[in-house]
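Input: a single structure, listed below in structure tokens.
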Amino acid sequence: MALGALIGAYQEDEAGALRALLPLAGQTLIEYQARCVAALGAAPVLVLVERLPVALNEAFERLRGEGIAVVAVGDGVEAASRFEAGSHVLLIADGIAPDMSDLARIADEGEAMVMTVPDDEQHAGFERIDADSRWAGLARVEAGLVGATAAMIGDWDLQSTLLRRAVQAGVRLVRASTGEGAGPFLAEGGAMASFEQRLLLASRGARSDWVSRYLLPLVEELATERLMESRVRPEWLMRLALGLTVAAAFAFTRGWLGWAVAMLMLSTPLDLVARRIGLLRLRPLSPGLPSKRLLWPAAALALVALGWFVSRHGGGWGALVAALSAAAFAEAMRVERRGMEPPGGHWYFSRRAAIMLAVPFAALGWWNAYLSLLALYAATSFFLAQHFRHHVTRD
């Protein structure tokens with residue numbers, strides 16, 4: 001069944017600005033709402049407006065640039081004409097920052113429903129339905145109901161009238177997610193700041209190596225908070241990480257060892273931050289993104305470049321053999337770990353671990369010892385992963 005979306009964007013806050021333009025995690029509220037419904041496959045995405053200020057139009061253009069078909073409509077009749085006959089419509093009230101899990105529940109249902117929150121002090125700003133419930137700002141209604149309501153409301157508020165008619169028609173009421181860090185937020189007071197923090201926490205992924213788990217969290221958090229407010233795209237950060245890694249490989253061949261290590265250090269948090277910004281903007285990085293796929297081979301290239309340089313400047317052939325061995329064992333370990341997570345997997349060899357271990361050895365100039373340690377580290381990680389996959393898991 002076709003599924004569209006109708007979002008309200010006409011109510012103003014106390015300062016006279018549209019609530020739809022309130023900032024949220026580096027985007028406006030209307031952009032967050034539109035990206036939420038688009039992520040669930042809703043199309044078209046209609047935004048009910050009374051006026052179209054420049055900032056709102058710019059937000060629409062950014063969404064269209066991402067391929068989200070956002071259309072501004074001035075009234076319910078125009079909105080109803082744009083939905084397919086027999087389709088359903090996701091309704092998001094003006095000023096509501098939806099919980100993605102709640103929105104997904106509504107989208108997955110095949111029937112009309114209205115989501116509610118308790119009638120208590122915490123939800124006093126939400127529209128009342130009855131003595132026990134208030135509207136959570138989310139609903140799924142039939143497109144025909146939108147048209148029928150638009151034809152009879154006159155100057156009444158479309159969304160509130162739609163809500164009343166849906167409830168009167170016996171549409172099922174479903175309670176929204178409850179508890180700390182769950183449920184919809186109303187764009188007023190300090191609620192948006194709290195919701196933004198909730199989004200930041202939700203964007204944290206599993207930190208798969210000891211460097212990202214114990215050494216980089218503070219850097220990752222600060223960079224994410226700063227960059228989410230900017231127009232920096234996650235893809236740009238991935239390209240920067242790849243560029244720094246390739247540049248480090250070149251620097252190793254020229255003997256600029258300190259600069260090479262510094263560039264590799266700068267690259268360590270970039271993919272983590274890029275992933276989180278993509279999640280915050282509801283546009284996760286594609287697994288097939290070239291810069292993401294090439295980051296590991298580029299790190300191996302930098303390792304071999306270092307081994308080549310050291311072998312030609314007093315390290316002997318063993319330095320190059322150690323670098324090649326480390327790269328080969330590291331790739332073999334990646335293959336063995338594919339699709340499973342061994343116990344203590346965050347201690348295994350990783351790109352970030354290899355970079356971080358370079359710092360003390362670079363300060364002392366012990367490059368041969370560093371390359372030998374990496375070869376041993378990668379080989380140990382490979383054999384442990386192999387043992388877990390082929391013996392422990394099988395048994």
Restricting attention to the stretch 338-395, which residues are out of contact with any Phe, Trp or Tyr (no Cβ under 9 Å at 6 or more places or on another chain) and not in a helix (DSSP H, G or I)?
-> ARG338, GLY339, GLU341, GLY344, GLY365, TRP366, THR393, ARG394, ASP395
Of the residues in the stretch 182-204, how many are modelled with pLDDT under 85 and touching a helix residue (DSSP H, G or I) at 6+ places or on another chain (Cβ under 6 Å)?
-> 1
Within the stretch 195-242, how many residues are out of contact with any His (no Cβ under 8 Å at 6 or more places or on another chain) and either in a loop (DSSP other than H, G, I, E, B) or at positive phi (or both)?
-> 11
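Closer than 24 Å to GLN386 by Cα, of a type outside the set (D, E, K, R) and assigned to a helix (DSSP H, G or I), is that true of HIS313?
no
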Can you tell me how many residues in the stretch 6-17 are under 26 Å from GLY278 (Cα atoms), aliphatic (A, V, I, L, M) and at pLDDT below 95?
-> 1
When the stretch 40-52 is checked residue by residue, the ones that are open to solvent by 30 Å² or more (accessible area, probe 1.4 Å) and touching a helix residue (DSSP H, G or I) at 6+ places or on another chain (Cβ under 8 Å) are LEU40, GLY41
Picking from GLY95, GLY170, the residue that is at positive phi and either basic (Lys, Arg) or crowded, with 16+ Cβ neighbours inside 10 Å (or both) would be GLY95
Check every one of the helices (runs of 4 or more DSSP H) wholly within the stretch 50-151 and list those with 1 or more residues that are farther than 26 Å from GLY183 by Cα.
-> 54-65, 76-81
Scanning the stretch 206-247 residue by residue, the ones that are touching a residue at least 40 places away in the same chain (Cβ under 8 Å) and more than 24 Å from GLU66 (Cα to Cα) total 13
Can you tell me which residue within the stretch 224-241, out of those that are among the hydrophobic types (A, V, I, L, M, F, W, C) and under 15 Å from GLU196 (Cα atoms), is nearest to the chain's Cα centre (by Cα)?
-> MET228
Is it the case that PHE309 is over 31 Å from the mean Cα position of the chain (by Cα), of a type in the set (Phe, Trp, Tyr) and at pLDDT below 95?
-> no
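The values are calculated or read from the model by the stated rules, or taken from the named source; none is laboratory data. Here the structure is a predicted model, which means the values were calculated and not measured. So basically every Cβ, Gly included, is an ideal-geometry build from the backbone, and we count neighbours across all protein chains shown. For the accessible areas, the whole protein counts, side chains as well, though only heavy atoms, and no ligand, DNA or RNA atoms are used. Shrake-Rupley method; radii C 1.70, N 1.55, O 1.52, S 1.80 Å.
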